[in-house]
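Notes follow the structure.
Each value in this text was obtained by applying a stated rule to the coordinates, not by laboratory testing. Just so we're clear, the structure is a prediction, and the values are computed from it rather than from any experiment. Positions of Cβ are backbone-derived with ideal geometry, glycine not excepted, and every protein chain shown enters the neighbour counts.
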């Protein structure tokens, strides 16, 4: 065999091997994303008037970056929870208010992201706003961060009340000066919520729903939120005025990991 023929055979074999590798690669990478069970829906299809400000798709949260698993700014919840929120919204609309949700279903990968962030004690980019009085090394011990979240079961929501007509929330500008979440409302980041005494996701004992330092209008606003949601089946987490879980939960022992996106609940009936 000539040198030219030998070289040609080597090149042909190499090309064939490369074709096999490149042909196999897409198949190996084509792992389908998990989808939500049919009991999950997009809240907007059930209660379209509820305002949504999904914080974890943005940089305005205690991590300072979009959170893993949040593909789109959409509230996904179990159908019974969505229907209960619709009933609560109906009551508030009659009084000139609206609900506004900050977070709903949360995939396990997002919780894992929280845990990794909490273990990185050097990353305190958002400390001044969200945990100004808490040492980051205490976040696990003090219960602010955990390896599992009720949000991942699909019936827990973080929300507030907005006075109508609702002013739009101005965009958060990464790097802007941060104000402590427990500061007076006029000084905190303006997010259109009625005055609850702290901002959302404020890692502080002042966020405890019945903290005795919360009085007057702030106390009335917290009580209005809690009583309205309790009337339709939600139970408040005492450490967070914004955190409510619908009972009975359809999935009390299951922690899901499908992404927060419209396609995760595509085709699921709203009613």
Report the gain in length on full extension from residue 169 to residue 95: 0.36 nm times residue separation, minus Cα-Cα distance, nm rounded to one decimal. 24.5 nm
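With the Cα gyration tensor of the range 119-271 giving a ≥ b ≥ c as the square roots of its eigenvalues, does the rule (a/c under 1.5 for rounded; else a/b larger than b/c for prolate; else oblate) give rounded, prolate or oblate? If you can, show how the numbers build up before the last one.
Numbers: a/c = 1.43, a/b = 1.21, b/c = 1.18.
Rounded.
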Once every Cα of the range 47-124 carries one equal point scatterer and solvent is ignored, give the base-10 log of I(q)/I(0) from the Debye formula at q = 0.11, 0.18, 0.26 Å⁻¹, two decimals. -0.37, -0.78, -1.18
With everything on Cα atoms, drop me the angle between helix 216-230 and the longest principal axis of the chain, reported from 0 to 90° to the nearest 10. 60
Please report how far the C-alpha centroid of the range 195-271 lies from that of the range 96-155, rounded to the nearest whole angstrom. 14
Spin-label point model (7 Å from Cα, Cβ direction): what's the residue 116 to residue 237 distance in nm? 2.1
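Classify the range 133-201 from the C-alpha gyration tensor, please: rounded if a/c falls under 1.5, else prolate or oblate depending on whether a/b exceeds b/c.
On the way: a/c = 2.09, a/b = 1.32, b/c = 1.58.
Oblate.
State the extension gain, in nm to one decimal, for the chain segment bounded by residue 109 and residue 251, taking 0.36 nm per residue of separation less the distance between their alpha-carbons. Provide the component values of the computation, followed by the final result.
On the way: separation 142, 0.36 × 142 = 51.12 nm, distance 1.79 nm.
Taking 0.36 nm per residue and subtracting the Cα distance, the gain is 49.3 nm.
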Just to be sure I understand: with springs between alpha-carbon atoms less than 10 Å apart, which residue in 69, 150, 216 has the highest mean-square fluctuation in the Gaussian network model of the chain? 216
With axes computed from alpha carbons, what is the tilt in degrees of helix 79-93 against the longest principal axis of the chain, rounded to the nearest 10 within 0 to 90? 40
Please identify, among 74, 157, 179, the residue showing maximal mean-square fluctuation in a Gaussian network model of the chain using a 10 angstrom Cα cutoff. 179
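Given only helices, namely DSSP H runs of n ≥ 4 each adding -39500 (n - 2.57), what is the per-residue ellipticity at 222 nm of the chain, to the nearest 500 deg cm²/dmol?
On the way: 6 runs with 77 residues, N = 271.
After summing the helix terms and dividing by the residues of the chain, the value is -9000 deg cm²/dmol.
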Round to the nearest 10 and give me the degree value, 0 to 90, for the angle of helix 3-29's Cα axis relative to the longest principal axis of the chain. 20
Virtual spin-label span in nm between residue 183 and residue 31, 7 Å along Cα→Cβ: 4.3
Using Cα-only point scatterers and the Debye equation, what is log10 of I(q)/I(0) for the chain at each q in 0.08, 0.16 Å⁻¹, rounded to two decimals? -0.38, -1.28
Relative contact order for the chain: what percent, with Cα pairs under 8 Å and sequence separation of 6 or more? 26
So how far apart, in nm, are the two label points at residue 146 and residue 215 if each is 7 Å from Cα heading toward Cβ? 3.2
